[in-house]
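Here is the structure we will look at.
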Amino acid sequence: MIARAHPLAVLLSGNAGVAVMTLARNIVAARIIGAEQFGIAASFAIVVSAVEMATTLGAQQLIVREKDGDTTAFQGWLHAVQLARGLLGGVLIYLCAGPISGFLQVPEARWAFQLLAVIPVMTGLVHIDPWRYQRFGRFGPSICVQLAPAALILLLIWPLQHKFQDFRLLLMMSILHAAGVLVMSHLFAERRFTLTLSRTYLARTLTFGMPLAVNGVLLLATFHGEKLLVGHVMGPTQLAILAMGFTLTLTPALILGRSLQAYFLPLLTSSANDAKRARAHAIQTLALCFSAGLGLGVVLMPFGQNVAHLLGPDFTPLLPLLPALAVLHAIRVFKTGIAIVALARGDTVNTAIGNLPRLAALPIIYLQLSAGAQLNEIIWTAAYAEAAGCAAASLRLYVGQKAA
């Protein structure tokens, strides 16, 4: 008899597989097109990610935590929310293509930013069924939806690089990846893709999702604020260095965060009516996230240095940045544990409070860059702000627990 894999092991291995293939894709692409062109391509990922963060309403979390999340009516409503979000995101990217390309000192790439508008539209048509399965401890389908396109795009690098030797290589791969996720989500769905409009669900969705959308704007500052400022002040080559540094260190942090949230959020939600069990699960979540963050910080420094050598001489300036980046994203993992516990309690404001210090640090970082500061200095400023955010989120969680 074959033992069934632990759900957390499935999540970690699946998300790690996606991240490793994405990382390999970026490393190979960076070697092919060089730092300056990679910097332009990195700005595409920033723009798409920024729109997704700013328009999120937490559909994938809602379908897991809501009592009626398994009903076809509620699922159809979430599909409608996602589609509206995708259309809005596509329009925003298209209209802002000119100002964004100018801000990042790459006006020649305006057409490419306009083409990116198709990505949020395709994301809006993704079937949410594979994430509904997480209500029942089935994590494989949602992993496969992400894993298969990542593997396919990695294989497509070789034929694509014969045609595209500049930023267009990563542009095409990003569009094809979004199309792959869309197709796979429908292949793994058990239900038909339906759209439902409901006033009943609107208030509940906005109550839950609006704080997440506000936090999405803060996440833009958290994940991309420093990179946007570096691209504006220092140009695409330095943006490429910093973006690759974030890729090497933030990616594993996100793997841990997404896996831990997918595993612990249903567990914490199911024990919400049992104070003793909920407290035990909360302590378990926080302890595991702290351990994961500490372990990540220790592993990232030698790992990042080894991978950085594969990127070629254009990325040599990345090496001295890795210790500060490792500390920054180790703190991020522990803060994720606080956000998971708060989210299970229905507190969607906690995450926003935890990200406020990173937003507040951006003017300081801009002044540092304008005064000629090096990349290492601004990363340490971001790390101090991340630590302050972790402390603020912890305090809110503690106060909320006492009040309950």
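The values are calculated or read from the model by the stated rules, or taken from the named source; none is laboratory data. Nothing here was measured: the structure is a model prediction, and the numbers come from that model. Counting neighbours? That spans all protein chains shown, and the Cβs are built from the backbone with ideal geometry, glycine included. We work out accessible area using only protein heavy atoms, side chains counted, and drop any ligands, DNA or RNA first. Shrake-Rupley method; radii C 1.70, N 1.55, O 1.52, S 1.80 Å.
Below are the figures for this structure:
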{"read-out": "Qualifying positions in the range 190-210 - assigned to a helix (DSSP H, G or I), surrounded by fewer than 18 Cβ atoms within 10 Å (Cβ to Cβ) and not hydrophobic (A, V, I, L, M, F, W, C)", "value": "ARG199, THR200, ARG204, THR207"}
{"read-out": "Criterion: under 30 Å from THR196 (Cβ atoms) and of a type in the set (A, V, I, L, M, F, W, C) - qualifying residue of LEU170, LEU92, LEU154", "value": "LEU92"}
{"read-out": "Filtered residues of the range 71-87 (kept if hydrophobic (A, V, I, L, M, F, W, C) and within 16 Å of GLN61 (Cα to Cα))", "value": "PHE74, TRP77, LEU78, ALA80, VAL81"}
{"read-out": "Selection from the range 59-112 of residues that are among the basic types (Lys, Arg), free of Cβ contacts under 8 Å to residues at least 40 places away in the same chain and touching a Ser or Thr at 6+ places or on another chain (Cβ under 9 Å)", "value": "ARG85, ARG110"}
{"read-out": "Candidate set from the range 105-125 (those that are in a loop (DSSP other than H, G, I, E, B) and open to solvent by 10 Å² or more (accessible area, probe 1.4 Å)); member that is modelled with the lowest pLDDT", "value": "GLN105"}
{"read-out": "Candidate set: the range 333-385, residues that are polar (S, T, N, Q) and in contact (Cβ under 8 Å) with a residue 24 or more places away in the chain; chosen: the one farthest from TYR398 (Cα to Cα)", "value": "SER370"}
{"read-out": "Any hit, the range 358-367, residues being among the charged types (D, E, K, R) and open to solvent by less than 20 Å² (accessible area, probe 1.4 Å)", "value": "yes"}
{"read-out": "Candidates ALA373, ALA388, ALA383 - the one that is assigned to a loop (DSSP other than H, G, I, E, B) and either over 26 Å from ILE338 (Cβ atoms) or of a type in the set (A, V, I, L, M, F, W, C) (or both)", "value": "ALA373"}
{"read-out": "Selection count where residues are of a type in the set (Lys, Arg) and closer than 21 Å to THR56 by Cβ, scope the range 90-149", "value": "2"}
{"read-out": "Odd one out for VAL217 among (1) among the hydrophobic types (A, V, I, L, M, F, W, C); (2) within 14 Å of the chain's Cα centre (by Cα); (3) open to solvent by 30 Å² or more (accessible area, probe 1.4 Å); (4) over 30 Å from LEU125 (Cβ atoms)", "value": "(4)"}
{"read-out": "Criterion violated by TYR133 - all others in (1) among the aromatic types (Phe, Trp, Tyr); (2) more than 18 Å from ARG25 (Cβ to Cβ); (3) open to solvent by 10 Å² or more (accessible area, probe 1.4 Å); (4) touching a Gly at 6+ places or on another chain (Cβ under 9 Å) satisfied", "value": "(3)"}
{"read-out": "Residues of the range 202-248 classified as more than 21 Å from PRO363 (Cα to Cα) and not aliphatic (A, V, I, L, M), total", "value": "9"}
